[in-house]
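See below for the structure under consideration.
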Amino acid sequence: MADVFDVLIVGGGAAGYTAGLFAARDRCRALLIEKFTAGGQVLNCEHITNFPGFPQGVAGYTLGPALQEQATAAGLQVAMVRWFRNTLNDAMLEFGCELLSENPEAAAAAPENGPESSLLPVLVLPEEADADPGAPPPQLAAPAGAFELEQAVSLRRGSATGFAVLTKLVEQGPGFDLYEFVPVS
């Protein structure tokens, strides 16, 4: 990840990804930081009928990942972070965060053999390609209480669907649970 960016965008909602898309298209080095997943609050909407480009409407869990896909294809870099400090000091905003992933993937998950209507927005923190042997396995951030430890889930990433078993609860944060998982083929 670059050390210096022309544009820093805080928040991965529709406005954040739109800003990132236009900044990247304008050849700016842009970074979007988000604490959960692509789409922000739009993920809580079952059917959105007033978003341009979708005259028949679109599900929030479909729109969020589509925004991320288009913006990252244009060159936007995305990082998932864990916030630990926000301070307004005189006229300057200082913030502190821990980088969890440089390439999070918006996805959807449901209990194994669950109906299509049970899909929930999740965020996959993939295992880094050049990770050292002590690096953490892939992780999945899900809405708090949505899944249980040792549960098998159906995981939709783009147009591909696979299965995974949630093997370890790493952290419970405000509104989310973070699990390590093992893909099952």
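The values are calculated or read from the model by the stated rules, or taken from the named source; none is laboratory data. These numbers were taken from a predicted model, which means no experiment stands behind them. When we count neighbours, we look across all protein chains shown, and the Cβ atoms used for this are built from the backbone with ideal geometry, even at glycine.
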Practice problem: Could you check, for region 45-54, whether at least one of its residues is buried (at least 22 other Cβ atoms within 10 Å of the Cβ), modelled with pLDDT of 80 or more and either assigned by TED's automatic domain parsing to the domain that holds A141 or in contact with a Pro (Cβ under 9 Å, 6 or more places away or on another chain) (or both)? | Solution: no
Quiz prompt | Only listed residue being surrounded by 14 or more Cβ atoms within 10 Å (Cβ to Cβ), farther than 21 Å from Y61 by Cβ, without any contact (Cβ under 8 Å) to a residue 40 or more places away in the chain and of a type in the set (A, V, I, L, M, F, W, C), chosen from V184, V124, V165 | solution = V165
Practice problem: Considering every residue within region 86-96, establish whether at least one is modelled with pLDDT of 75 or more, farther than 21 Å from P183 by Cβ and of a type in the set (D, E). | Solution: yes
Practice problem: Test Q139 against the criterion of being closer than 13 Å to L123 by Cβ and in contact (Cβ under 8 Å) with a residue 12 or more places away in the chain, and give yes or no. | Solution: yes
Quiz item: With respect to V153, is the statement that it is surrounded by fewer than 16 Cβ atoms within 10 Å (Cβ to Cβ), of a type in the set (A, V, I, L, M, F, W, C) and assigned to a strand (DSSP E or B) true?
Solution: no
